[in-house]
Amino acid sequence: MSSALRRQAWVIGLAILLAALFVFTRIIQPDYGADGFGSLVRAALPFVFAVAGQTVVVIAGGIDLSIASMMALTSVTAATLMDGASEPFGIVAVAAVLLLGFLLGAVNGILVVVSRVPDIVVTLAMLFVWQGAALLVRDSPGGAASEWLKELVVGNLAVPGIPTGITDWVPKALILIVVCLAVVWIPLRRSRLGLSIYAIGSSSLAAFRSGVNVSRTKIVAYAFAGLFAAMGGLVLTMSTGQGAPIPGPYLLASVAAVVLGGVALTGGKGGLLGPVIAVFVLRLVRSDLTFLAVDPNVTTIVEGAIMVVVVMLGALLAMRNRQP
Amino acid sequence: MASDILLEATGIAKHYGAVVALRNASLSVRRGEVHALMGANGAGKSTLVKILTGAIRPNGGRILIDGREHVVRSPAEARRAGLVSVYQEPALIPDLDIASNLRLTATPVEPFMKWVREMGVPDLDLRETARNLPLAILRVLDLARAIAVGPEVLLLDEMTAALPADLAEKVLAVVKRQGAEGRSVIFISHRMLEISALCDRATVLRDGETVGVVDIGPGSADRIVELMLGQKVERIQREIAEATPGAPLPVTKPRLSLRDVGVAGKLEGVSFDLMHGEVLGVVALEGQGQDELFGVLSGSRRPTAGSLAVDGREVRFATPADAIAEGIALIPGDRAEALLMQRSVRENVALPFSASFRHWGPIPLRRQNAVVGEAIRRLQVDTRAQREVQRLSGGNQQKVTIARWIAAEASTILCFDPTRGIDIRTKHEIYHLLRELAGQGASVLLYTSELEEVQLACDRAIVIFGGRVVDVIPAAIADEPTLVRAAYGLPRLAPGAAAPLPGATA
Amino acid sequence: MTDVTQRSPAPGLGRRIRRVFSDRPVIPLLILLAILMVVLEILRPGIVNERWIANTVKFAIPLAILAACQTVTMLTGGIDLSVGTVATLGAFVVSTQGMDAGLGWALLLSLAPALLIGIANGIGVGIFRVHPLIMTLGTSLIGVGFLQVYQRTVIATGTKVPDVLAWIGTGLTGGIPNSLIVFVPVAAFILFMLGRSGFGRLLYAVGDNERAARLSGVIYWKVILALYILSGILAWIAGLIYVGLIKAPSLSLVEPRVLPAVAAAVIGGTSIFGGRGGYLGTIVGAVILTVLATLLTVLQMPEGARQMLFGLIVLAVTAAYIRITADS
């Protein structure tokens, strides 16, 4: 029990930090309540999926700089597919886009394995390839999303019999996050494949000697990152009702949240919960700065500085680990 | 009788480009036998192990397990063929807990726990992360995991190297029982005593070839040493006789003094002096702490105990730049660590000149070329392919690394196995050069895996075993058999006495 | 036996060709440039004339300077993705301060962000050992934040590109672009630095083999810090030329040119893994990409396809490079 507790210490600390931030928010903004929480969750949505994708790849010992581009590509694809299509067709579109994301990620992984070029360089090149592809699909924001999809992220969950005082605090977007991440992550984490992903990130030599197919595992890890990116792209389309071909600020945010969430950039360590909580921490810091009437552009600077410092500390820790 | 043989490897060859690692190695292991695989550094042992376990593919030869031929492409395939290995570095995934590690390799938990308890680890928590366990325990777990799947052949590489004595004893007992239960064990070790106590037979490799198979019994230790050395002894003695007799070492002051230097877990209480004008040899088997010793002296690694003095002044090195400022330069064992492979010979030699901030400006090319050119001439570096150092032969590459410090006029040179994989002529040029440098007052510390070099180039040699200096031998009596015995931690023979049996004296 | 004698010349030739590519990348690059120009002339006869050449040079020059940042950082195994932001910041500050303050003061003021970002990059990469890609991306993000804040505070004053910069950026003297008076000294400085200075040697050394450099007494972080400051200054110069060339300082003035700059250095034979390359190849690479851009415009290739193409070029050249050096 104690070892499990020790391993979760970082995540628990992060959760306490998040709780403290909520208290702080309530102090500076006394009417912050269910509405504020709801908009926080909706703002965090695309970031959550970006960081989920990044987490899988980083655990496998890689990094995916093309996350934001894949989100843009899948978002415009979804918006274009659903533009003028019937409501039920939305389901087909969603399935197609998720498959597309999985394949985009798999292409990244295959290129990393086959080209022997380091992950960071391959995915930098692919950042531009997927971004270019997004521009080809749609050169300006537009398209549409099925109504039922848009409904998925708006408002709160209304369950008959439960007082609204409680359901007000459960935005649909939160349910969406929990369901999507749980459906993919929990089976993966429990499977031998999930173990292999941790294994190649922790020590690819030891993994090879334990009989893991290192190349195949790496490709699958990238494919899952693509799948999460597709979810992120869909979420963007759902919440804006259209697709934008220019990637959002999700790359650096995903790396920062991964580091803050206790996933070592050297790979093999951490889980999904930490980075997801980290996303909420970073988002909440942003809202708090807004509540404190800080210029929104200054907020960008502060946010950027926080992320850079977090990544620097992460690198420092990684360096300490490398030289025992 | 043929069915008696469980694993048979014949005619195994492996070369990397022009470098031959194995030319004709064979290994034949009987069912239920503990079989030692022996050979000096560079004899091809580790290459053969990698081939057997599927980490690399051989260029020739075949491997039969239980009479069937196997093409082994990965450790997973070797495992399916019935051969499971325990490597020198633990193969457990450091960031996974033990239970997950077992699941990853589909190892049954019950037999695993049984073996773990048997080897003296009674209270293992399966939820513990591998990284948090001490090295010795990890090795035990590795072995238990290998045995738990019930392999036909078990390959153990330096199994007891990191184990404390009590644990080692229990592990060896378990290994011995594997033989009794009808499994075969290939046992690789530098510890002669273990081999005498545990093994049935030993296969000896030398220069990439199997040179003999010895039945372990009284006197076998000496026979193995003899096989490992081969005919070399006579040739070397002739060479030594031909070598110009060095003048007796003049009495000088110490250049470098070590007092009780230690590096946690690797080096302990090391004290010696390196004199002005001396070539001091360092003799050790692989991984006895010599890497750490050279790291400390060159400023790449900080000692955890003890002190270091240069010309009687106590010093602390934080970076190699600090050591270089004191005139101490390292020529590392792996040339790839010292050279800018894509750059020219001249740039490589001139590198230390640009290192300090004061010299970041325009390079005084005429003056630099003169110094660099002189060093290149002195070492007779073949400069036909000088555009890129990676296109030079190994010997010429090594000369470039030495030329660098001659040009920079380093007064103390730490050479870590400078002649490994180099042709015989260049080797002799290097010995000659080191002696010449010492004659001009420089000090040289020379770690060598080729023991004959001690008498060819050194004044004295220190022997390191298990992180401690176990002997200091003057060159005059440092012949190969003496050094081998010392390096294996065996006591020095009294002059004229008959060779005692190492197994019997223990 | 016959088999051996027949086969041996072929790999010899292949290896020789590979050596030409890795030793003297400029020669095959010039051939490629000539081919591109011929294709362009065939597609649109008469396009290749004196005016077109001057125009191409005008656009290639700031790209070549931006690519210089990538060349010097890539020699050490790094990369600098903050150059777009640094250049835009410099351009923006100079064209908003140029009116009230004197030009000299405005130039000095516009250099400040370049130095600050360069120092931050150098500290992050050299001391904290953050991957250069991540580090420069991060400082770039912070820089964009500052740019947005700054833009709002000066929104009332409006912008005006100083005449000198416009003259340098767009002017021709006797048919020759004026920007050459900036570019020639900059290029000469970089070529001299890489070939004949101690610092240049160290860039190659650190990128080729960091451990060997350390063992020779090189202090890694000092070299890296100086390098990223230099890269910031070069990006600042590129920004000034761009603003003179395009004459409309906007937040996205230089950003779209960052990947082409990386591509120019990669095509020019500089290894993204460090230790090999030079500036001459980069210059030719910048010209090739400028001509390629014209060609793509003539072919009416959409922006998206261009980005994909540039991304694939970087990946393909890097992968090919790995194979060339692994075999020789």
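Shape descriptor for the protein assembly as shown: Rg over Rh equals 1.00 (Cα atoms; Rh from the Kirkwood inverse mean 1/r).
For trypsin sites (Lys or Arg not before Pro), no site in segment B:7-63 is both called loop by DSSP and has at most 12 other Cβ atoms within 10 Å. Eigen-decomposition of the gyration tensor built on the alpha-carbon atoms of chain A gives equivalent ellipsoid semi-axes of 30, 26, 19 angstrom, largest listed first.
Here segment B:2-230 is described by how far its Cα atoms reach on the three principal axes: 48, 38, 35 Å, from widest to narrowest.
Structural size metrics of segment C:157-314, computed from C-alpha coordinates, are Rg and Dmax of 18.0, 55 Å. Across all directions, the average projected area of the convex hull around the alpha carbons of segment A:242-324 is 7.0 nm². The angle between the Cα long axis of helix C:258-267 and the longest principal axis of the Cα atoms of chain C comes to about 30 degrees, rounded to the nearest 10. Relative to the 2.2 N^0.38 Å rule of thumb, chain C has a C-alpha radius of gyration ratio of 1.05.
Between C:N55 and A:V178, the simple spin-label model (points 7 angstrom out along Cα→Cβ) gives 6.2 nm. Residue by residue along B:75-82, Cβ atoms of other protein chains within 10 Å of the local Cβ number 2 on average. Across peptide B:311-323, the mean count of Cβ atoms from other chains lying within 10 Å of each residue's own Cβ comes to 2. Under a 5 Å amide H cut-off, with hydrogens placed 1.01 Å from N, B:I216 pairs with B:R201, B:A202 among residues at least 5 apart or on other chains. Each of C:L299 and B:D273 was given a label point 7 Å from its Cα along the Cα-to-Cβ line. The distance between the two points is 7.6 nm.
Annotation: peptides B:307-318, B:387-398, B:76-87, ranked by per-residue average of other Cβ atoms within 10 Å with the highest first, follow the order B:76-87, B:387-398, B:307-318.
Please give the net charge around C:P177, taking every other residue with its beta carbon less than 14 angstrom from that of C:P177, where Lys and Arg add +1 and Asp and Glu add -1. Result for the neighbourhood of C:P177: +1. Taking every Cα-Cα distance in segment B:147-234 and sorting them into 5 Å bins starting at zero, the pair-distance distribution P(r) comes out as 3, 12, 23, 22, 19, 12, 6, 2, 1, 0 percent. From largest to smallest, the equivalent ellipsoid semi-axes obtained for segment B:310-393 from the alpha-carbon gyration tensor read 25, 17, 13 Å. Computed over chain B, the per-residue total of -39500 (n - 2.57) for DSSP H runs of n ≥ 4 gives a 222 nm mean residue ellipticity of -10500 deg cm²/dmol, rounded to 500. With a sphere of radius 12 Å drawn around the Cβ of A:I301, what net charge do the other residues whose Cβ falls strictly inside it have (Lys, Arg +1; Asp, Glu -1)? Result for the neighbourhood of A:I301: -1. Averaging Cα coordinates gives a centre for segment C:270-328 and one for segment B:464-490; these two points are 58 Å apart. Other residues lying with their Cβ under 9 Å from the Cβ of B:T419 contribute a combined charge of -1, Lys and Arg counting +1, Asp and Glu -1.
Shape summary of chain B, radius of gyration then Dmax from alpha carbon positions: 24.6, 76 Å.
Treating each Cα of segment A:7-73 as an identical point scatterer and summing with the Debye formula, the log10 of I(q)/I(0) at q = 0.26 Å⁻¹ comes to -1.10.
Screening chain A for DSSP H helices whose Cα atoms reach 20 Å or more along their own axis and whose mean Kyte hydropathy is at least -1.0 gives A:2-28, A:34-59, A:67-82, A:89-115, A:119-137, A:172-190, A:214-240, A:273-291, A:296-322. Based on alpha-carbon atoms, the Kirkwood radius and the radius of gyration of segment C:260-324 give Rg/Rh equal to 1.01.
Since every read-out is calculated from the coordinates, none of them should be taken as a lab result. Computed from a prediction, not measured in an experiment: that's the story for all the values here. So basically every Cβ, Gly included, is an ideal-geometry build from the backbone, and we count neighbours across all protein chains shown.
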